[in-house]
Amino acid sequence: MSASAKPIANTRSGTGIPTARLITWWVIASEIVIFGGLLASYIMHRIGHPEWAESASHTITWAGAFNTFVLLTSSLCAVLAHKAADAHDGPKAAKLLRLTSLGGLIFLGVKAFEWTADIREGFVLSSGGFWAFYYTLTGLHGLHVLAGMIIMLFVASDAAKNQELQRVECIGLYWHFVDVVWIFLFPLLYIAR
Amino acid sequence: MTTEAHVHHPNYVKIWAILVVLLIVSVVGSMTHIRDVVLIAAFGVALVKAYLVAKNFMHVNVEKRWVPYLLIVCLLFVVILFAGVAPDVMKHSGEHWVNHPANQSGESGAATKHE
């Protein structure tokens with residue numbers, strides 16, 4: 001598709017920022033309020049209920065730590081994909097984006113293992129305030145990981161043909177934000193006991 | 001349409017290595033069970049990690065100035081939410097009030113197992 005055939009919103013840059021990246025920043029800004037609100041609610045309830053420490057002691061710290069490592073590594077792949085896209089190396093960017101998606105898949109696999117272990121122990125969404133927050137926060141975050149993986153695979157298929165390389169940076173920004181959210185979820189849910 | 005480079009790409013592997021070391025610090029720090037060490041290892045390190053990702057991977061520092069402003073305004077909304085609601089949620093009693101259900105919840109323990 002030639003640039004002239006694109007909708008004007010795809011090509012204009014009235015703010016000095018390409019529209020696609022501008023939209024990504026707005027998405028991230030709204031996500032800050034969504035996750036920030038949930039995290040703030042969790043923190044104030046956690047401080048108000050010291051007895052939740054007992055519940056928090058049942059979360060699997062090594063699994064949370066491993067998932068943090070997986071997300072940090074996938075973020076590295078995403079930013080290297082951005083670097084490759086800047087060098088107009090679409091196939092390399094595509095390969096790195098697929099690796100990033102694989103990181104997301106591993107993350108979700110570990111999360112599924114954790115949820116299964118927690119539920120088998122008898123801790124479900126209605127088991128108490130801590131577990132309600134735990135499943136809501138990790139579930140919402142997991143959905144964001146899944147959405148990022150799917151979008152990333154679409155972006156990778158275009159990037160492999162050296163098309164729409166500007167999207168590589170945008171999906172990378174989103175992925176890094178999902179990583180930042182997990183960076184805060186990990187200590188709140190797995191370490192603070 | 002191709003992307004136009006607007007950032008200088010640093011040594012990302014080095015930054016990733018620093019992030020992994022910080023992750024190890026937070027996990028090891030949490031094992032000390034010393035309250036202040038755990039808090040610093042958990043939340044202090046999380047703040048540093050988030051800063052490193054935002055600066056080096058998201059390149060917020062080289063973005064147009066109003067992008068960080070936009071993100072900070074959204075964070076301020078979260079702070080306002082916290083400041084407005086936290087006193088009622090974090091305390092179980094005040095000068096003329098007592099939150100009995102919250103107190104009972106604390107006395108009866110944290111969780112109920114579903115067998």
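What follows draws every value from the coordinates through simple rules; no lab data is involved. These figures come from a predicted structure and were not determined experimentally. Note: ideal-geometry Cβ built from the backbone for every residue, glycine included; neighbour counts use all protein chains shown.
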query: Arranged by the count of other C-beta atoms within 10 angstrom, fewest first, what order do A:54, A:164 take?
result: A:54, A:164
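Residue A:64: net charge of surrounding residues, Cβ under 15 Å, Lys/Arg +1, Asp/Glu -1, itself excluded?
Details: positive: A:111, A:193, B:49; negative: A:114, A:118, A:179.
Summing Lys/Arg as +1 and Asp/Glu as -1 gives 0.
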statement: Taking A:62, A:25 and counting other beta carbon atoms within 10 angstrom, the fewest-first order is A:62, A:25
statement: Scoring only Lys, Arg, Asp and Glu (+1, +1, -1, -1) among other residues with Cβ under 12 Å from the Cβ of residue A:174 yields -1
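Helix-derived [θ] at 222 nm for chain A: sum -39500 (n - 2.57) over DSSP H runs of at least 4, divide by residue count, nearest 500? If you can, show how the numbers build up before the last one.
Working: 7 runs with 148 residues, N = 193.
Taken over chain A, the calculation gives -26500 deg cm²/dmol.
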- prompt: Any idea how far apart residue B:11 and residue B:77 come out in nm if each label point goes 7 Å out from Cα toward Cβ?
  reply: 4.0 nm
statement: Extend 7 Å from the Cα of residue B:88 along its Cα-to-C-beta direction; within segment A:35-65, residues with backbone N under 19 Å of that point are A:37-49
query: Using the Kyte-Doolittle scale, which helices in chain B average at least -0.5 and also have C-alpha atoms spread 24 Å or more along the helix axis, with helices defined as whole DSSP H runs?
result: B:12-30, B:66-90
- line: Length gained if residue A:34 through residue A:158 is fully extended, taking 0.36 nm per residue and subtracting the Cα-Cα distance, is 41.6 nm
statement: Site residue B:47, offset 7 angstrom along Cα→Cβ, radius 13 Å on amide nitrogen, limited to segment B:5-32, gives none
message: Taking the 0 to 90 degree range and rounding to the nearest ten, how far is the long axis of helix A:61-86 tilted relative to the main principal axis of chain A, both from C-alpha atoms?
response: 10 degrees
query: Against the longest alpha carbon principal axis of chain A, how many degrees, from 0 to 90 and to the nearest 10, is the axis of helix A:90-120 turned?
result: 20 degrees
task: Only helical DSSP H runs with n ≥ 4 go in: add -39500 (n - 2.57) per run for chain B, normalise by residue count and round the 222 nm mean residue ellipticity to 500 deg cm²/dmol.
output: -18000 deg cm²/dmol
query: Around residue A:95, with a cut-off of 14 angstrom between Cβ atoms, what is the net charge of the other residues, counting Lys and Arg +1 and Asp and Glu -1?
result: +2
message: At 7 Å along Cα-to-Cβ for each site, give me the label-to-label distance between residue B:21 and residue A:136 in nm.
response: 3.9 nm
message: Pairs on different chains or at least eight residues apart, Cα atoms closer than 28 Å: how many lysine pairs in chain A fit?
response: 10
message: Using DSSP to call loops (not H, G, I, E or B), can you name the chymotrypsin sites (Phe, Trp or Tyr not before Pro) in segment B:31-106 whose Cβ has at most 14 other Cβ atoms within 10 angstrom?
response: B:97
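Among rounded, prolate and oblate, which fits the protein assembly as shown when a ≥ b ≥ c are the square roots of the eigenvalues of its C-alpha gyration tensor, a/c under 1.5 means rounded, and a/b larger than b/c means prolate?
Details: a/c = 2.17, a/b = 1.79, b/c = 1.21.
Cα axes put the protein assembly as shown in the prolate bin.
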